[in-house]
Amino acid sequence: MKAYVYGADGPLITDIAKPAPEGTQLLVRVRACGLNRADLGMTKGHVHGARGGVGTVLGMEWAGEVAELGPDARGVKVGARIMGSGAAAFAEYTLADHGRLFHVPSNMNFDEAATLPVALATMHNAVVTNGALQAGQSVLVQGASSGVGLMAMQIAKYKGAKLVIGSSTDPTRRGRLKAFGADLAIDSSNPGWVEPVLAATNGEGVDLIVDQVSGKVANQNLAATRIKGRIVNVGRLGGTHADFNFDLHAARRIHYIGVTFRTRTIDEIREIFDEVKKDIWPAVEQRKLQLPIDRVFAFDDIGLAFAHMEANRHLGKIVVTL
């Protein structure tokens with residue numbers, strides 16, 4: 001089967017053996033894949049958790065059909081249309097755990113479905129489970145123009161946030177954030193961005209920051225969060241190391257929470273997928289939670305898809321079809 005593999009000279013499409021499902025796994029005939037920032041890093045040889053390096057089949061998000069079941073797989077049938085996340089997605093076939101997937105709604109095609117698993121699981125966990133957002137509260141999403149950022153704002157609105165603020169350093173993308181739930185859009189590269197956040201919250205700061213930037217905005221985040229507010233560290237596009245004002249953190253009594261899928265057990269990941277199904281799945285089926293597709297590429301042009309991502313001018317998801 002065809003797969004996109006990181007080789008000794010970089011990523012390339014090559015032929016590899018089709019995998020066989022074991023235990024609770026199932027074999028998926030992949031029809032579409034969503035690109036993510038972590039994938040871009042791995043195309044350059046970076047390690048993401050336990051994955052990466054020569055021989056790695058790239059990709060982590062897919063939609064397709066169940067081709068075969070492992071002996072302990074439950075809750076899904078051969079032929080079912082599903083979407084999910086997991087290793088080695090950029091291939092004609094991939095393996096999935098039976099608890100790390102969603103059934104594709106009947107009103108959704110594979111391209112659309114491939115945009116959703118990572119964003120839904122990541123941001124429901126960040127906004128609702130760890131962020132503890134309650135109806136009537138305020139939230140700031142740093143890095144809001146990414147696929148997961150757009151989903152974070154939509155989930156916040158769906159859960160009753162009274163004020164949703166999104167950040168983007170690109171003026172064109174910033175101008176489009178209101179279509180995805182933002183009441184206010186800010187430029188986090190502007191040194192004075194904390195002021196409009198405070199002005200919009202009567203000087204108190206937001207109840208919750210979902211931070212995909214970190215790095216250089218860490219101390220500004222502290223200043224923009226209300227006393228006893230929460231910051232959930234989801235991503236570190238602005239840097240993994242930076243100055244941190246521990247005194248401000250303590251004075252504002254902020255709960256600072258780090259999240260990642262890299263160190264979670266399969267049982268923890270299954271629980272996250274279950275929470276999405278129990279809490280917000282009706283909104284997915286009703287298309288109240290969805291992501292725009294920026295561009296679709298054929299699998300043979302997957303290198304062009306990553307070049308498009310690296311140019312960093314897209315809004316929403318880049319999809320590759322097989």
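The values are calculated or read from the model by the stated rules, or taken from the named source; none is laboratory data. Just so it is clear, the structure is predicted and the values come from calculations on it, not from any experiment. Here Cβ is always computed from backbone atoms with ideal geometry, including for glycine, and neighbour counts include all displayed protein chains.
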May I ask you to list the residues in region 1-52 that are hydroxyl-bearing (Ser, Thr, Tyr) and closer than 19 Å to Thr115 by Cα? Tyr4
On the basis of being in the same structural domain as Lys317 (by TED's automatic domain parsing), of a type outside the set (S, T, N, Q) and in a loop (DSSP other than H, G, I, E, B), does Arg74 make the cut? yes
Considering only strands (runs of 3 or more DSSP E) fully contained in region 124-196, which possess at least 3 residues that are assigned by TED's automatic domain parsing to the domain that holds Gly229 and under 14 Å from Gln212 (Cβ atoms)? 138-142, 163-167
Residues of region 77-112 being under 22 Å from Thr24 (Cβ atoms), of a type outside the set (D, E, K, R) and not in a loop (DSSP other than H, G, I, E, B), in sequence order, are Ile82, Met83, Gly84, Ser85, Ala91, Tyr93, Thr94, Leu95, Ala96, Leu101, Phe102, His103
If you scan region 134-190, which residues turn out to be in contact with a Gly (Cβ under 7 Å, 6 or more places away or on another chain), farther than 24 Å from Val319 by Cβ and buried (at least 24 other Cβ atoms within 10 Å of the Cβ)? Ala156, Val164, Ser167
Need the failing condition index for Gly75 against (1) of a type outside the set (Asp, Glu); (2) on the phi > 0 side of the Ramachandran plot; (3) out of contact with any His (no Cβ under 7 Å at 6 or more places or on another chain), just the number. (3)
The number of residues in region 98-141 that are more than 13 Å from the chain's Cα centre (by Cα) and within 20 Å of Asn233 (Cα to Cα) is 11
A careful count of residues in region 12-24 that are crowded, with 18+ Cβ neighbours inside 10 Å and under 14 Å from Ala89 (Cα atoms) gives 1
